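The values are calculated or read from the model by the stated rules, or taken from the named source; none is laboratory data. The structure presented is a predicted model; accordingly, all values stated were derived computationally and were not measured. Note that we place each Cβ from the backbone using ideal geometry, even for glycine, and neighbour counts take in every protein chain shown. Just the protein is used for accessible areas: all its heavy atoms, side chains included, with ligands, DNA and RNA removed. Shrake-Rupley method; radii C 1.70, N 1.55, O 1.52, S 1.80 Å.
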Amino acid sequence: MILIAAMAVLMPLLAALQFYWLGQVSDGERERLQANLSADAIKFKRDFNRELIRAYLSFHVDTSATLGDIERHHVERLEQWQRTAPYAQLFSDVFIVSTDEQGRPRPSRLDAAAKQFNPTGWSGEIANLRERFEQRYESARLQTEIASQSSLESFAADIPALIIPFPPLPPDKARSQRVPLPSGFTIITLNLKYMQREFIPSLIQRHFPAASETDYNLAIINRDHPQQVIYSSRHPSEDVNSSDVSMQIFGMDSGEIRTLRRDGGAPVAAGEQSDNGPMRSRSIVRYIKRQTGNSIAAASSGEEDGRWQLLITHQAGSLQAAVSSTRRRNLAISFGILLLLAASMSMTIVATRRAERLARQQINFVAGVSHELRTPLAVICSAGENLADRVVSDPRQVARYGTVIYKEGRRLTEMVEQVLEFAGAQSGRRRYEFRSTQVADLINGTLTACRAQTQESGFHVETEIESNLPPVSGDEAALKLALQNLISNTIKYDGESRWARLSAQMGAGERGAEVRITVEDRGSGIATVDLPHIFEPFYRGRDVVAAQIQGSGIGLSLVKQIAEAHGGRISVRSTPGAGSAFTLHLPVETQVGDTGEAKS
Ligand code: ADP
């Protein structure tokens, strides 16, 4: 009882604690995953931007450069890049945009094989840039302020390309302009296919080794034109709002510029002394800011932040959804374990109760059997003693004493047989020998065996056997014992009627045709509370125990065991005060077949 109460309190408490703790663990896990993902994204952004800034710095030129110097410088830098840079194929073309006599921008393209720049039109990759350049040069020509604000961005995100201004014109040459313009621009167009197939995947592999394959979807889109998808993993989500991490890349990260400068500049320039060549500037950061207008213009145009957007989304929809589903799974598992615990505890309690009841019943059984044995033993002893002491010497009296001793001895034998039968059946050692048995022979044999008992009690036993009953496959001795038990009970619990009927007829059972043998009486009947339990071993009716009617409580359980071993069953109908009818249902021979053997 205490155990049940403790369980009733502890289980909900444990369930509530588990719910709360798992909630806490999930929150922590989500924060940890979010932090790791953001940290990885920052590293990705840093490496991505670094490569582009490296490229940018590799192609920048100093103030004192002439166009010829710049062209030679670019030829040399491109060769160096392709020889030494980790992503050698990052560029698809190098252009220079300089002004013609009319002050109009004219592009020329580097022919890497011939190592020279050849004039080209505003076509192909750079077609989109024409308008921007012409507008800018026009503004400069008309000497408007707009020139400074409409500075060309360092990155053209849509192409994509790097736009690197030449140093501004010396003041004497720029005198005609209110805002000094660069004398020209370098355009490095990036190899988008190479970026999609090599550059971005290798960075993803480096920074999101697990994410790229399994848990996360990655996408890179153009920040200003979100429909332009630069890169996407298998099942990308390009929704900026629903992504777990959204970070701008492809930007002029001034911190990164400083780092690269401090570390000796771009790798292609490695080994080159910073003050050696005419093409090095003192402060690239200041240089870029000056060239692109001013720092505010750079920031507002997104130069610092980046023109592309990296979106990382968990495959479950979001990190929150993934953590929630893990939490739900963990909750289900832990509640399942709790339920299992509760179920096993309940089963232990039930089993303990059953064991207790069985132990009590066994004690009652021992007491009952001992009690049953006492009466015949006492009769036998006293009759034997009288004979030995020659208290009776009259031959007729001696014969009467002999009959009493014989009868009591037989009763004892039957009782011992029954106990042994029960013990054998319980232990599974009992082997039934199935033979084709005629039901009429079985009933008549039982009645003969019980005759002494029925005659002694003045019982009238009617029989009603349907003609042409098919044989049953059975162990005759066991079936007789079962019927004897039922008849003994009718005598024991008869009351005053002294009447019983033994009938047999065909019937349709659940598994086919069956022979039904019914033992009926008009005795005390069975109380409704006892009825569900009378076939349990050692169970005795309450009224019967109160009335001190002798018995051990194994008779009916034995009948049930024998019926089931024959592939049949036992049923009972009873009306308290009016009588009972026990029916043995036995399948007809053809249907028992192997079943009976197997059950034996
Ligand atoms: P026992 O007769 O030794 O008590 P049984 O297993 O034969 O054990 O019977 C179990 C109980 O079923 C009996 O104690 C009694 O209460 C009830 N019972 C069995 N047969 C009858 C019957 N014919 N009439 C009334 N009650 C019966």
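Solvent exposure of region 400-523, expressed per residue, is 52 Å² of accessible area, with all protein chains present and a 1.4 angstrom probe.
Relative to the current alpha-carbon distance between ARG130 and ASP543, full extension at 0.36 nm per residue lengthens the span by 137.5 nm. Over region 23-90, accessible surface divided per residue gives 44 Å², non-protein components excluded, 1.4 Å probe. Database remark: amide H of TYR231 closer than 5 angstrom to the amide H of ILE220 (H placed geometrically; neighbours at sequence offset of 5 or more, or on other chains; Pro and chain starts carry no H).
The packing ranking of peptides 307-314, 463-470, highest mean first, is 307-314, 463-470, where packing means the average number of other beta carbon atoms within 10 angstrom of each residue.
Solvent-free Debye calculation, one equal scatterer per alpha-carbon of region 495-586: log10 I(q)/I(0) at 0.14, 0.15 Å⁻¹ equals -0.54, -0.62.
Using a simple charge model, +1 on the beta-carbon of Lys and Arg, -1 on the beta-carbon of Asp and Glu, nothing else, what dipole does region 429-591 show about its Cα centre, in debye to the nearest 20? Could you put the intermediate results ahead of the total?
On the way: 17 positive and 19 negative charges, 77 e Å.
Taking the Cα centre of region 429-591 as origin, the dipole is about 380 debye.
Near the amide H of ASP93, within less than 5 Å, lie the amide hydrogens of THR189, all on another chain or at least 5 residues away, with H placed in the peptide plane.
Placing a pseudo-label 7 Å from each Cα along the Cα-to-Cβ vector at THR348 and GLU496 gives an inter-label distance of 5.7 nm. Just check region 432-492 against the gyration tensor rule for me: Cα atoms, a ≥ b ≥ c as the square roots of the eigenvalues, rounded for a/c under 1.5, and otherwise prolate or oblate depending on whether a/b exceeds b/c. In terms of gyration-tensor shape, oblate.
Using Stokes-Einstein with the Kirkwood hydrodynamic radius over Cα pairs, what translational diffusion coefficient do you get for region 429-591 at 4 °C and a viscosity of 1.567 mPa s, in µm²/s rounded to a whole number? Reported coefficient: 81 µm²/s. Here the Debye sum runs over all C-alpha atoms of region 349-427 as equal scatterers in vacuum, and log10 of I(q)/I(0) at q = 0.13, 0.18, 0.27 Å⁻¹ comes out as -0.57, -0.81, -1.18.
Ranking CYS381, CYS450 by solvent-accessible area of protein heavy atoms (1.4 Å probe, all protein chains present), from largest to smallest, gives CYS381, CYS450.
For region 369-446, state which trypsin sites (Lys or Arg not before Pro) are in a DSSP loop and have at most 10 other beta carbons lying within 10 Å of their beta carbon.
Values: sites: ARG374, ARG390, ARG396, ARG400, LYS407, ARG410, ARG411, ARG429, ARG430, ARG431, ARG435; in loops: ARG390, ARG429, ARG430, ARG431.
Qualifying residues, ordered by number: ARG390, ARG429, ARG431.
A cut-off under 13 angstrom between Cβ atoms defines the neighbours of LYS407, and their net charge, with Lys, Arg +1 and Asp, Glu -1, is +1. Computed from phi, the 3J(HN,Hα) profile of region 476-487 under the Karplus parametrisation 6.51, -1.76, 1.60 (θ = phi - 60°) reads 4, 4, 5, 5, 4, 4, 4, 5, 4, 4, 5, 5 Hz, with x in place of Gly and Pro.
Pulled fully out, how much extra length does the chain show between GLN248 and ALA15, if you take 0.36 nm times their separation in residues and subtract their Cα-Cα distance?
On the way: separation 233, 0.36 × 233 = 83.88 nm, distance 4.42 nm.
Gain on stretching GLN248 to ALA15: 79.5 nm.
Sites listed here are GluC sites (Glu not before Pro) in region 480-567 whose DSSP assignment is loop and whose Cβ has at most 13 other Cβ atoms within 10 Å: GLU496, GLU510. Each residue of region 503-520 was assigned a 3J(HN,Hα) from its phi angle through the Karplus curve 6.51 cos²θ - 1.76 cosθ + 1.60 (θ = phi - 60°); the sequence is 10, 9, 8, 7, x, 9, x, 4, 9, x, 5, 9, 9, 10, 10, 10, 10, 10 Hz, with glycine and proline shown as x. Protection proxy ranking, highest mean first, for peptides 574-584, 193-203: 574-584, 193-203, where packing is the per-residue count of other beta-carbon atoms within 10 Å, averaged. The HN-Hα couplings worked out from phi for region 540-557 by the Karplus form 6.51 cos²θ - 1.76 cosθ + 1.60 (θ = phi - 60°) are 10, x, 5, 4, 5, 5, 5, 7, 6, 7, 5, x, 10, x, 10, x, 5, 5 Hz, whole numbers, x standing for Gly and Pro.
Evaluated at 20 °C with a viscosity of 1.002 mPa s, what Stokes-Einstein diffusion coefficient in µm²/s does region 61-123 have when Rh comes from the Kirkwood expression over alpha-carbon pairs? The estimated diffusion coefficient comes to 168 µm²/s. Averaged over residues, the count of other Cβ atoms within 10 Å places the peptides 119-125, 320-326 in the sequence 320-326, 119-125, highest first.
For GluC sites (Glu not before Pro), the sites in region 21-123 that DSSP calls loop and that have at most 14 other Cβ atoms within 10 Å are GLU101. In plain terms, if you count all Cα to Cα distances in region 311-463 and split them into 10 Å steps from zero, the share in each step is 8, 16, 20, 16, 11, 8, 7, 6, 5, 2, 1, 0 percent.
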